Amino acid sequence: MSFDTDKRLFGEARLNHEQFPHLPTGPVSTVPYTSEDYLARERDAIFKRMWLLAGRTEKIPKKGDFFVKVIEVLNTSIIVVRGQDDRVRAFYNVCRHRGTNIATGSGNCKFFTCNFHGWVYDTAGRNRHIADESQFFDLDKSKLNLHEVNCDIWNGFIFVNFDEDPRETLLEQLAELAPQLNDFPFEEMQVAGHWGATLTANWKLFLDAFQEGYHVATVHSGTINEYYTGERNPYCRPSSVRLYDRNRGLTIPFNPKFQIHASEAFAIKTGVSLSQGEEGLKKEVPGINPEGDEYYSFDINAIFPNWLLDTSIGFFFIHEFWPIDATTTRWEATMYFPPPVNAGALISQNQSIALLRDAFREDIATSEGSQAGLMSGSLKEINFADSEITCRHLYEAVDQMVNGNWHGTRVSS
Amino acid sequence: MATDSILPSGFEDLSKYASEWIHATEIDRNRFRVSCTLPELQDFYDTMMPRLESIANYLNDYPLDALPRACANLLELALMTMEVAPAIEYYNNPDVPNAVEYEKFRIYPLRNNYSVVDEQSAAADNS
Ligand code: FES
Ligand SMILES: [Fe+2]
């Protein structure tokens, strides 16, 4: 191993900063977490320009399958559809006549028909029918296809980009995170739990609650604290941190002295568990534990701008943070497991589903209180610890994007 | 197996839980858990947890996509045991303490990974 894990977890040295000395260490402003004006700048510099997560391909396995994704910060919703040619495309969910949305929810269809006056589009977005067409003036139907949004797929994750001419490819944006996770068996898994909440909190503040371990000993004192802290790592420091351009990754170790409970013992024996400890390490899973932590539990992979792809042994989960305004965020969490081969595997999965879901309810319990505190104006600056370097990195990446001076990207001009 | 009983033979003693503790979805299981008292959860947990392994062994002989109703009932009792487990093993409380308000948190419905065979229509098809 390239570093001493125990020193990381115990010492007084700020080793993450030593590893990434280009990141500042002074206090950061609260303005990016509170200001509508700042969110407007994030909208223009980030959300309108970057590849955003739309969903997973297994949501639309068959030709004609579609789902609608709402992106509040861009005042829009999009239709993501698998065309009759098997290609996945994304369109503004906007009728080319008078703007009505032409789809809701999810489903399967050959054509989208607008509810207002009945214009019809096929799954490739082509305008196929205009009711009473002769009554229009100089209409060129071929110019009234659905407005397509750039769409690309990596490892089953469907991304969209609202920039007509994206500055980066999806792979450029994912940077070194893509090769690290290329072989993780995402496609072997399916949704096993889906939870959400819309809270009064800035999207970055909300996301930060899920990208550091510093909160674990306090926030999770009722649930998973014992599994992640203990005498080896009392403050749940990450055992390693990686910065990949604007993306980042960190590894969270488990407590080797953790005493498993009866439900966990059953789940480990029959399938997979969140708290599977050393049992999990016997399995070989590509793409995880990049720095070989001997007590590896899971990796948090933060994909810029607004989502986390947390990978572990036998499962993964996703957190999405969608700003509605500067102080309101829609959070969606999705847990993935392999399809259960039998009843025992299904029962075992439910152990992690119940525990993780309840731990998430703890994670988001502090967000509204933090936001309220920042809104009071009493606190002008925030100090991030070395173990919160991921929060620092998100702050810096966003701020530099907003100010048009992000360094270290491979953006071509 | 007696197809008209609530639970498969060998598990009849668990039928005292049949009327209240069998729920088909995570949403319903969670809602039921937080509506129980801790002693009620403890009693269910203490009865079910030592039986989980034999329940899994029994159910593993059936395909998940064609479970007889009695097997699905037994499976849903086992799934309820996992829903109850953190309340007993971790929280010592029906709901997770110091968490975001129940009303603010949404559990989305998902399609179940198992389905129940309609034994009556299967029998009618055979006749
Ligand atoms: S707005 Fe869609 S047909 Fe008129
Ligand atoms: Fe947490």
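List the chymotrypsin sites (Phe, Trp or Tyr not before Pro) within segment A:162-208 that fall in a DSSP loop (any state other than H, G, I, E or B) and whose Cβ has at most 15 other Cβ atoms within 10 Å.
Hits after loop and neighbour filter: nothing returned.
Give the carbon-plus-sulfur fraction of the accessible surface of chain A in %, rounded to a whole number; probe 1.4 Å, heavy atoms of protein chains only.
The value for chain A is 49 percent carbon and sulfur by accessible area.
Compute and list, largest first, the equivalent-ellipsoid semi-axes of chain B from the alpha carbon gyration tensor, each √(5λ) rounded to a whole angstrom.
After scaling each eigenvalue by five and taking roots: 29, 17, 11 Å.
Jot down the radius of gyration and Dmax of segment A:9-61, Cα atoms only, both in angstrom.
18.3, 51
State the volume of the convex hull built on the alpha-carbon positions of segment B:1-61, expressed per residue in Å³ and rounded to an integer.
Cα-based convex hull of segment B:1-61, divided per residue, equals 100 Å³.
For peptide A:364-376, how many partner chain Cβ atoms fall within 10 Å of a residue's Cβ, on average?
Mean shielding by partner chains, rounded to a whole number: 1.
Keeping every protein chain present and rolling a 1.4 Å probe, give me the accessible area per residue for segment A:1-131 in Å².
On a per-residue basis, 48 Å².
Report in % the part of the accessible area of segment B:12-126 that belongs to carbon and sulfur, leaving out ligands and nucleic acids; probe 1.4 Å.
Whole-percent figure for carbon plus sulfur exposure: 47.
Using only Cα atoms, figure out Rg for segment A:306-413 and give it as a multiple of 2.2 N^0.38 Å.
The value comes to 1.41.
Which whole number gives the average count of other chain Cβ atoms within 10 Å of the Cβ atoms across peptide B:51-62?
Shielding by partners across B:51-62 averages 4.
Over chain A, what is the relative contact order in percent, taking alpha-carbon pairs closer than 8 angstrom and at least six residues apart?
Relative contact order comes out at 21 percent.
Hey, what's the Kirkwood Rh for segment A:175-317 if you take every pair of different alpha carbons, in angstrom?
One decimal place: 16.1 Å for the Kirkwood radius.
Rg and Dmax in Å for the protein assembly as shown, alpha carbons only: what are they?
25.1, 80
Looking at segment A:1-60, which trypsin sites (Lys or Arg not before Pro) are DSSP coil and have at most 16 other C-beta atoms within 10 Å of their C-beta?
Those satisfying the criteria are A:Arg14, A:Lys48.
What accessible area per residue comes out for segment A:169-300, rounded to a whole number of Å², with a 1.4 Å probe?
Using a 1.4 Å probe on heavy atoms only, each residue of segment A:169-300 averages 35 Å².
Mind putting a number on the dipole of segment B:12-126 about its Cα centre? Charges go on the C-beta only, +1 for Lys and Arg and -1 for Asp and Glu, and I need it in Debye to the nearest 20.
320 debye
Modelled label-to-label distance, B:Ser54 and A:Arg14, 7 Å Cα→beta-carbon offset: nm?
6.0 nm
How big is the B-A contact in terms of buried accessible area, both chains counted, 1.4 Å probe, rounded to the nearest 100 Å²?
Answer for the B-A pair: about 3400 Å² buried.
If I ignore ligands, DNA and RNA and count only protein heavy atoms, how much of A:Thr104 is accessible to a 1.4 Å probe, in Å² to the nearest 10?
Approximately 100 Å² for this residue.
Considering every Cα-Cα pair within segment A:52-162, what fraction, in whole percent, is farther apart than 21 Å?
In whole percent, the long-distance tail amounts to 32.
Would you mind estimating how fast segment A:222-295 diffuses translationally, via Stokes-Einstein at 37 °C and 0.692 mPa s with the Kirkwood radius over Cα pairs, in µm²/s?
242 µm²/s
Given a 1.4 Å probe, show me the residues in segment A:260-296 buried by at least 30 Å² of accessible surface when comparing the whole protein assembly to the chain alone.
SASA drop of 30 Å² or more in segment A:260-296: A:His261, A:Ala262, A:Ser263, A:Phe266, A:Lys269.
The values are calculated or read from the model by the stated rules, or taken from the named source; none is laboratory data. Keep in mind it's a predicted model, so treat the numbers as computed, not measured. Quick reminder, even Gly has a Cβ in these numbers, built from the backbone with ideal geometry, and neighbours come from all protein chains shown. With ligands, DNA and RNA removed, areas are computed over all heavy atoms of the protein, side chains included. Shrake-Rupley method; radii C 1.70, N 1.55, O 1.52, S 1.80 Å.
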